[in-house]
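The values are calculated or read from the model by the stated rules, or taken from the named source; none is laboratory data. A quick note: this is a predicted structure, and the numbers were derived from the prediction, not measured. FYI the Cβ positions are ideal-geometry reconstructions off the backbone, even for glycines, and counts take in every protein chain you see. For the accessible areas, the whole protein counts, side chains as well, though only heavy atoms, and no ligand, DNA or RNA atoms are used. Shrake-Rupley method; radii C 1.70, N 1.55, O 1.52, S 1.80 Å.
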Amino acid sequence: MGNRSDTISIDVAPVEIAQRRHAPLPENREVVFDVQDLGVRYGATTAVSGVDFDIYRNMITAVIGPSGCGKSTFIRCLNRMNDLVPGAQVDGKILYHGEDLYGSGVDPVEVRRRIGMVFQRPNPFPKSIYDNVAWGPRVLGMRKDLDERVERALRGAALWEEVKDRLKRSALSLSGGQQQRLCIARAIAIEPEVLLLDEPASALDPIATTSIEELMHGLKRDFTLVIVTHNMQQAARVADMTAFFSLEVGEGRRTGVLVEYDATEKIFTNPSDQRTEDYVTGRFG
Amino acid sequence: MAVAAERISLRATGRSRRRLRLNRVMEGVAVLAASVALAALGIVVVSVVVRAWPALHVSLFTQTPNLFGGPGGGISSAIVGSALIVAMATGMALPVGVLAAIFMTEFARPRVAAAIQLFLDVLNGVPTIVTGIFVYGLLVIGHLQSAYAGAFALAVVMLPLVARATQEVLLLVPNTLREASLALGVSRWRTVVGVIIPTTLGGILTGTVIAMARAAGETAPLLFTCSIFAPAVSTDVTHALPNIPVLIFTYSEQPDPALHQQAWAAALVLMAFILITSLTARGLLARSRRKLTHG
Ligand SMILES: Nc1ncnc2c1ncn2[C@@H]1O[C@H](COP(=O)(O)OP(=O)(O)O)[C@@H](O)[C@H]1O
Ligand SMILES: [Mg+2]
């Protein structure tokens, strides 16, 4: 997993970061999501189309690309969060462990139970720190050993030591970075199988960002992670696999497409597509 | 070496001077308008207190009206009756208003929500005397006047106020909070009960308290539904109960000056209630605002 001490500095080119991590990709990769020709429209405008790739278990998959290329739109399809957007229409297929996520009879509430999400801006409930983590398990009927569950989740999110003496305080009294880790604790407290993170560090300072990234390395033992980021160093630091999305311009329309998907090291050192190379080397116009 | 700089003037001249003057004038007008509003309130309060003064005894709150007029006696039965009627009206308007607002903001499709909204706005615009006649036709004709008929009429007045106030605080809840809960695999309904309502409780109660203050003073809906009553203290809501607005109305029409004084005293009690509830509402609102911003 490379040399951690220098992964923080910002002026290192993503290609160097990626080269230093000789993360061997496992041979038998279990497919968690099989995305097939996915497209999303908001009313009459197509936000993304033709997305097709596999996401593997216990890996961190990064989704990178310029803003507006449909990264959030895509990741919100994976737990049917887009159902909540009026006018959003999803085409194509996503198989989750072989089951069609959008098949008839699939309950989106159950989908989200298994596939958790952390958002761009920390959004803790206006409740106590303890209740932020405990509320989900309580509602979902996991009332047994609740205190232990809360502690485990907070430890998992590397927040326990900082908050263990003030669990009854309001979550809104925490700093931004702590709030985001609380949101991660809240998400993992219900033991999902997958954790989706949509630019989880974009509203945070570099130190908080680093702690979130280190946290992710630990989390992938238990979870499958998909992270959206516009920060290429971050993708190079944390991800095993990287999907590069871009905008295809034609007939006055701009549609997000998946350009290239490969091992992170490959994407940053030896991409197959010229557009990927332009983007990861910063030549993107 | 140094070049003597031309002296500049920072005083207002010409146009900017005119603007400055206009600004002062407008400021003065605004202060005047605010003072007029405050003075109006002051005059009302002072005149009520002065006229109520002779009737302000402990007995006012402990005794029932004298059967044969004259000095003495109190309005205790009207205070009890008003409290009961307003409490019942709140019991009816609060759940319906809150549920209607929740349905509109959290569940209904936009067109359905707009239709309900329109209905509530119309209801809010109905003159309260019409509400009174409506409830009279619905619950009183063929039966008798009763406290619950009065309470129902007041509930109709309160409903749009409660619903609108609740809707406003629900719209203040950021969508990210709903998403946070839904992303945990929690249903919409549990999200409303577990996250949205606790977050907005202060605002909902504020709206309710304001509606209660409004209902407590409403006279017209009670004239048809709850105005013929015995003077004794009673909690039998199947009969008309004495209440403050109707008491003020009837006493003020009597020739007896002692009853006039009691009418003023009753008005003072009503005003005190409204003042206290308004202050409570402000406190609740401040509390709920704090909750949404920082612990
Ligand atoms: N709720 C929405 N309604 C309509 N259009 C949307 C909505 N959300 C996103 N879009 C559009 O979809 C495109 C992709 O947006 P998004 O997925 O947020 O991109 P990214 O996360 O990569 O910045 C943009 O053109 C955006 O304007
Ligand atoms: Mg986004």
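Quick one: divide the alpha-carbon radius of gyration of segment B:3-140 by 2.2 N^0.38 Å and tell me what you get.
Taking N as the residue count of segment B:3-140, the ratio is 2.00.
Enter the mean projected area of the convex hull around the alpha-carbon atoms of segment A:46-136, in nm², rounded to one decimal.
Mean projected area for segment A:46-136: 7.7 nm², to one decimal.
What fraction, in whole percent, of alpha-carbon pairs in segment A:219-285 exceed 16 Å separation?
So the portion of pairs separated by more than 16 Å is 49 percent.
On the protein heavy atoms, probe 1.4 angstrom, tell me the percent of accessible surface of segment B:54-201 carried by carbon and sulfur.
Percent of accessible area from carbon and sulfur atoms in segment B:54-201: 72.
Tell me the mean residue ellipticity at 222 nm calculated for chain B from its helices only (DSSP H runs of n ≥ 4, each -39500 (n - 2.57), averaged over every residue, nearest 500).
-23500 deg cm²/dmol
Any chance you could list the semi-axes, whole Å, largest first, of the equivalent ellipsoid that the Cα gyration tensor gives for segment A:132-285, using √(5λ)?
In descending order, the three semi-axes are 35, 16, 15 Å.
Tell me the Kirkwood radius of chain B: reciprocal of the mean inverse pair distance over distinct alpha-carbon atoms, in Å.
In chain B this quantity evaluates to 22.6 Å.
Using alpha-carbon positions, what is the distance between the centroids of segment B:151-223 and segment A:75-139, in Å?
Here the answer is 27 Å between Cα centres.
What does DSSP give for the protein assembly as shown in terms of the percent of beta bridges that are antiparallel, rounded to the nearest 5?
60
Considering every residue in A:185-198, what mean count of other chain Cβ atoms within 10 Å of its Cβ is obtained?
1
Long-range amide H contacts for A:L197: which residues qualify at under 5 Å (H placed 1.01 Å from N, peptide plane, sequence gap of 5 or more or a different chain)?
Here A:V118, A:V226, A:I227, A:V228 satisfy the definition.
Would you list B:L32, B:L177 from the most to the least accessible area, probe 1.4 Å?
Largest accessible area first, the residues go B:L32, B:L177.
Tell me, what is a quarter of the convex hull surface for the C-alpha atoms of the protein assembly as shown, in nm² with one decimal?
Computed as one quarter of the Cα hull surface, the answer is 43.9 nm².
Averaged over A:117-126, how many beta carbons belonging to a partner chain fall within 10 Å of each residue's beta carbon?
The per-residue average across the peptide is 5.
Just to make sure I understand: if all protein chains stay in place, what is the order of A:M81, B:M92 by accessible area at 1.4 Å, largest first?
Largest to smallest exposure gives the sequence B:M92, A:M81.
So how do B:W189, B:W53 rank on accessible area, 1.4 Å probe, biggest first, that is with the largest at the start?
B:W53, B:W189
Suppose only helical runs count, i.e. DSSP H with n ≥ 4. What mean residue ellipticity at 222 nm does that imply for chain A under -39500 (n - 2.57) per run, divided by all residues and rounded to the nearest 500 deg cm²/dmol?
Dividing the helical sum by the residues of chain A leaves -9000 deg cm²/dmol.
Just add up the charged neighbours of B:G283: K/R +1, D/E -1, any other residue whose Cβ is under 12 Å from the Cβ of B:G283.
After counting each charged neighbour, the total is +4.
Just to check I understand the Karplus step: with θ = phi - 60° and J = 6.51 cos²θ - 1.76 cosθ + 1.60, what whole-Hz values come out for segment A:247-260, glycine and proline as x?
Values per residue, Gly and Pro as x: 9, 9, 9, x, 6, x, 10, 10, 10, x, 9, 7, 8, 8 Hz.
Can you work out the Karplus-derived ³J(HN,Hα) for every residue in segment B:124-132? Use 6.51 cos²θ - 1.76 cosθ + 1.60 with θ = phi - 60°, whole Hz, and x for glycine or proline.
Each residue of segment B:124-132 in turn: 5, x, 5, x, 5, 5, 5, 4, x Hz.
Give the interface area between chains B and A as buried accessible surface, both sides summed, probe 1.4 Å, in Å² to the nearest 100.
The B and A chains share an interface burying roughly 1900 Å².
Once you charge only the Cβ atoms, +1 for Lys and Arg and -1 for Asp and Glu, what is the size of the charge dipole of chain A about its Cα centre, to the nearest 20 debye?
Computed about the Cα centre, the dipole is about 1020 debye.
What residues qualify as long-range amide H neighbours of A:A47, i.e. H under 5 Å apart, gap of 5 or more or another chain, H built at 1.01 Å from N?
A:V40, A:R41, A:Y42
If a/c stays under 1.5 just call it rounded; otherwise compare a/b with b/c (prolate if a/b is bigger, oblate if not). Do that for chain A, with a ≥ b ≥ c from the square roots of the Cα gyration tensor eigenvalues.
oblate
Counting only heavy atoms of protein chains, what accessible area per residue, in Å², does the protein assembly as shown have with a probe of 1.4 Å?
Spelled out: the 1.4 Å probe surface of the protein assembly as shown, per residue, equals 50 Å².
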